[in-house]
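Where a number appears in this text, it was derived from the coordinates with a stated rule and is not lab data. What you see is a predicted model; the values in this text were computed from it and never measured. Cβ placement follows ideal geometry from the backbone for every residue including glycine, while neighbour counts extend to all protein chains displayed.
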Amino acid sequence: MATGKISKSSVNKLRPGEKDEFLWDEDLHGFGVKVTRAGRIVYLAQYRIGGRKSPTRRVTLGEHGKLTPAEARVEARKVLGKAALMEDVAETRAKLRRQGTVSDVADRYLKEHVARHNKPSTQAEAGRIVEKRIRPDLGKLKIQALTRAKAKEWHQEMRDSPYEANRALAYLSKMMSLAADEWELIPNNPCRGLKRFPEKKRERFLTEEELTELGKALSRCEKSSAVPETFSGALRLLSITGCRMSEILNLRWEDVDNDLSALRLADAKTGPRVVPLAGAAQKLLRKLDRTDGWVFPAIKHDLPMSRHAFHHYWTRVKNESALSNIRPHDLRHTAGTYAAQAGFNAFHVRDYLGHRSLAMSGRYVERSADPIRATADSVGTRIANALEGKQAGRVIGLKQRRKPSGKKP
């Protein structure tokens with residue numbers, strides 16, 4: 001076994017032979033350099049954990065050219081120092097090689113957690129985030145190599161899309177939390193406590209003039225076959241009812257009362273709820289084909305229309321109109337705003353839109369549907385008329401108390 005001073009000149013003199021040749025440093029015991037039969041030169045650290053009878057462990061520090069002899073010596077000191085403290089760097093690296101990647105954890109997260117515990121809309125969104133944001137950027141990393149600093153850097157790179165960045169970080173954090181706390185693959189979640197970007201809440205509702213413009217653009221798209229009838233129906237029902245997109249797209253005919261008076265949603269975001277239907281909504285549903293189980297089926301009729309497809313057609317309608325800054329969710333804000341403008345109180349609006357109520361504490365209390373039906377009919381008719389370009393009637397609000405004139409009677 002050759003020994004000598006490992007330096008730039010001594011390393012440059014090394015030549016390949018019939019087998020791997022080694023040069024061990026005379027000053028730092030355990031620091032060596034190897035030249036393979038192919039002529040590749042690498043730096044090594046060799047040590048034992050325990051006494052002389054313990055097996056020899058060897059760690060590759062790096063390739064000559066990428067590391068200088070001086071840099072390799074520094075790395076060797078680190079490894080040999082850890083070995084003196086009974087820390088086996090070779091074993092740690094071996095565990096890391098056997099360890100799964102972030103992509104592996106993502107697969108397990110989608111299969112064992114999301115598919116079992118989340119609703120279809122959440123499943124679709126989690127899958128989209130994993131495929132678009134997590135797997136391309138972090139998928140090949142070993143989970144032990146996903147440090148807090150790396151996760152923060154990844155999040156910062158998405159700063160131009162703060163909402164999307166925060167959702168992606170939330171899903172990644174949940175994955176890593178499961179990997180640490182339940183699956184015991186890593187000691188802790190590196191994403192825990194990372195600061196999210198501030199998000200500006202956007203409350204936008206459409207005026208009757210804007211609804212008319214949207215309705216005209218939708219009609220033009222229908223006539224040119226730019227959008228299918230299923231999308232048109234979904235968009236109109238979404239507008240009239242103020243429902244969430246997931247509630248409309250995942251709607252089955254079995255969820256619709258036989259007389260079309262209400263939707264009975266067993267799995268809405270806030271739990272089961274009944275959505276009374278305005279006359280305009282009933283008229284719309286009567287025109288739809290009932291040969292499929294889904295009210296708004298995809299092209300392949302064994303599935304409902306996807307959010308992706310809806311947004312694709314929505315973009316066509318929006319581009320056809322003069323409205324550039326509207327989103328589908330703005331239609332829900334519009335319904336809630338019109339209900340409030342009509343004079344209905346907060347309890348009516350809450351039940352009309354299916355908002356979560358802390359007072360209910362998870363219990364569902366039977367209520368009379370008549371006030372809510374009135375809300376649905378008033379708002380639905382107003383929106384349907386605006387979409388059709390009809391003259392809407394004046395909104396009748398709550399009767400206001402007349403201010404005193406100041407004159408004596």
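Data table
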item	result
Cβ-based exposure ranking for Ser321, Ser225, in which fewest neighbours within 10 Å come first	Ser225, Ser321
Separation of the Asp257 and Arg77 label points, Cα + 7 Å toward Cβ, nm	8.2
Residues of type lysines that Lys174 reaches as a straight line, Cα spacing below 22 Å, ignoring anything fewer than 8 places off in the same chain	Lys111, Lys119, Lys132, Lys140, Lys142, Lys150, Lys152, Lys195, Lys269
Between 0 and 90°, nearest 10: helix 89-98 axis offset from the chain longest Cα axis	40
Hydrodynamic radius of the stretch 1-147 per Kirkwood, over alpha carbon pairs, in Å	18.4
Vicinal HN-Hα couplings computed from phi for the stretch 320-337 (Karplus, 6.51 cos²θ - 1.76 cosθ + 1.60; Hz; Gly/Pro x)	6, 9, 9, 9, 9, 10, 10, 10, x, 5, 5, 5, 5, 4, 5, 4, x, 5
GNM result for the chain, Cα springs below 10 Å: residue of Glu71, Glu320, Glu208 fluctuating most strongly	Glu71
For the stretch 254-316, projected area of the alpha-carbon convex hull averaged over all directions, nm²	5.3
C-alpha long axis of helix 69-84 to longest principal axis of the chain, angle in °	80
Label-point gap, in nm, between Ala266 and Phe347 - each point 7 angstrom along Cα→Cβ	3.0
Cα long-axis angle, helix 229-241 against the chain (0 to 90 degrees, to the nearest 10)	70
For the stretch 242-253, 3J(HN,Hα) per residue [Karplus equation, 6.51 cos²θ - 1.76 cosθ + 1.60, θ = phi - 60°, Hz, x = Gly/Pro]	x, 6, 6, 4, 4, 5, 7, 5, 9, 6, 10, 5
Hz values of 3J(HN,Hα) by residue in the stretch 146-156 - Karplus curve (6.51, -1.76, 1.60), Gly and Pro given as x	7, 8, 4, 5, 5, 5, 5, 4, 4, 5, 5
Net length gained if the chain between Thr122 and Ser219 were fully extended (0.36 nm per residue, minus Cα distance)	31.8 nm
Kirkwood hydrodynamic radius of the stretch 208-387, from inverse mean 1/r over distinct Cα pairs, in Å	16.6
Under 19 Å from the Gln144 label point (7 Å along Cα→beta-carbon), backbone N, the stretch 67-101	76, 78-101
Chain lengthening between Thr3 and Glu21 when straightened (0.36 nm per residue, less Cα-Cα)	5.3 nm
Amide H partners (placed H, <5 Å) of His64, local residues excluded	Ile41, Val42, Tyr43
Approximate spin-label separation His113-Arg98, in nm, with each point projected 7 Å along Cα-to-Cβ	2.4
FRET efficiency estimate (nearest 0.05) - Cβ-Cβ, Glu63 to Lys390, R0 56 angstrom	0.15
Potential lengthening between Arg48 and Lys132 on full extension [0.36 nm per residue; Cα-Cα distance subtracted]	25.7 nm
The chain: calculated mean residue ellipticity at 222 nm from DSSP helix runs of at least 4, using -39500 (n - 2.57)	-13000 deg cm²/dmol
Alpha-carbon Debye profile of the stretch 111-220, log10 I(q)/I(0) at 0.13, 0.21, 0.24 Å⁻¹	-0.60, -1.17, -1.39
Footprinting exposure proxy for Leu14, Leu44, Leu387 (fewest neighbouring C-beta atoms within 10 Å first)	Leu14, Leu44, Leu387
Spin-label zone in the stretch 1-43 - amide nitrogen under 14 Å from a point set 7 Å from the Cα of Ala84 along the C-beta vector	28-31
Positive-pole candidate from Thr315, Ile240, Thr291, dipole of the stretch 187-326, charges at beta carbon	Thr315
Burial ordering of Arg40, Arg52, fewest other beta-carbon atoms within 10 Å first	Arg52, Arg40
Fluctuation leader among Arg98, Arg192, Arg167 - the chain, Gaussian network, Cα springs under 10 angstrom	Arg98
Label of the coordinate-derived value, Cα extents along the principal axes in Å, listed as [x] 112, 59, 40; [y] 80, 54, 41; [z] 82, 54, 46	[x]
